[in-house]
Amino acid sequence: MSFFPAIDSNVYGNSGNFKEIFISTPDGIKLQSFYFKNTNSDRILIYFHGNAGNMSYRFPEFNMFAKMNINLFCISYRGFGKSTGRPSEKGVYTDGFAAYDYVLDTLTFNKDSILVLGRSIGTAVAINTAVNRNIKKLILVTPFTTGKEYASAHGLGFWTFLVGNPFDNSSKCSRINSNVLILHGTNDEVIPFAMGQNIFNKLNCMKSFITIDGGHHNDLEYVDSTSYWGSISNFVNRK
């Protein structure tokens, strides 16, 4: 799987109370981050974005999370937005740990109050973070099984022999102890709906699956906003 980063456009829209922060990774990368503070909540959601673009594209989505009575922390992976470095599988996993550790150690949120959401390629970062840190709740939007199976699904079967098996989400599923919510569209043209189902079936933890009928890869919240945002809000706020 390739990365498609974009520089930051500095167009954040009407997004309320947020602060741009730069955090450091153990290997010396500076990550652009956004912290949306909610003084009425002691919980926080860490958001790991999809592949293309940068964080400024996602502020309409962040505005919806701001209505859920929860703090929100988002990072741009290395090479994305204003973050330094170049993206790689190992690198974005390191970025995920850096985000979690910053929320835990610097923002001083209790580990039981930290939730994680990953979308598209961000599901790999979210899953890897969940199996290496103590995550109570995990949200996966359009998750994929493995980079190899993704390549095969897009007619790139020959190349799967050359790249090994990167982004192996499937093998990590049995190690997830979080309460997991998965959302996937039946018409996803990027990550097949069956991959989301396969991830769900491999989980041995508390889990739920929301099907967005007719949903493609990037329009789930528009095709059925009630199911999409309603299920996320209920999951986030459920004790």
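The values are calculated or read from the model by the stated rules, or taken from the named source; none is laboratory data. What you see is a predicted model, and the numbers here were worked out from it, not measured in a lab. Reconstructed Cβ throughout: ideal geometry from the backbone, glycine too, with neighbour counts over all protein chains shown.
Report the residue count in the range 203-223 for those that are under 21 Å from residue 130 (Cα atoms) and crowded, with 16+ Cβ neighbours inside 10 Å. Looking only at that region, the number is 4. Could you check the range 166-193 and list, in sequence order, the residues that are modelled with pLDDT under 95 and touching a Gly at 6+ places or on another chain (Cβ under 6 Å)? The answer is 166, 167. Answer yes or no as to whether residue 152 is modelled with pLDDT of 85 or more, of a type in the set (Gly, Ala, Ser) and in a helix (DSSP H, G or I). For residue 152, the condition - modelled with pLDDT of 85 or more, of a type in the set (Gly, Ala, Ser) and in a helix (DSSP H, G or I) - is not met.
Against the test of being touching a helix residue (DSSP H, G or I) at 6+ places or on another chain (Cβ under 7 Å), at pLDDT 95 or above and within 26 Å of residue 91 (Cα to Cα), the options 210, 199 yield a single qualifying residue, 199. The C-beta contact set for the range 63-89 (first residue among the acidic types (Asp, Glu), second residue part of a loop (DSSP other than H, G, I, E, B), distance under 9 angstrom, 6+ apart or interchain) comprises 89/1; 89/166; 89/167.
Here is a yes/no grid of residues against (1) surrounded by fewer than 17 Cβ atoms within 10 Å (Cβ to Cβ); (2) aliphatic (A, V, I, L, M); (3) in contact with a Ser or Thr (Cβ under 6 Å, 6 or more places away or on another chain); (4) in a helix (DSSP H, G or I):
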residue: 101; (1), (2), (3), (4): yes, no, no, yes
residue: 109; (1), (2), (3), (4): no, no, no, no
residue: 117; (1), (2), (3), (4): no, yes, no, no
residue: 139; (1), (2), (3), (4): no, yes, no, no
residue: 148; (1), (2), (3), (4): no, no, yes, yes
residue: 166; (1), (2), (3), (4): yes, no, no, no
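Against the numbered list (1) touching a residue at least 40 places away in the same chain (Cβ under 8 Å); (2) within 24 Å of residue 233 (Cα to Cα), residue 111 comes up short only at (1). Among the conditions (1) surrounded by 16 or more Cβ atoms within 10 Å (Cβ to Cβ); (2) at pLDDT 95 or above, residue 226 misses just one, which is (1).
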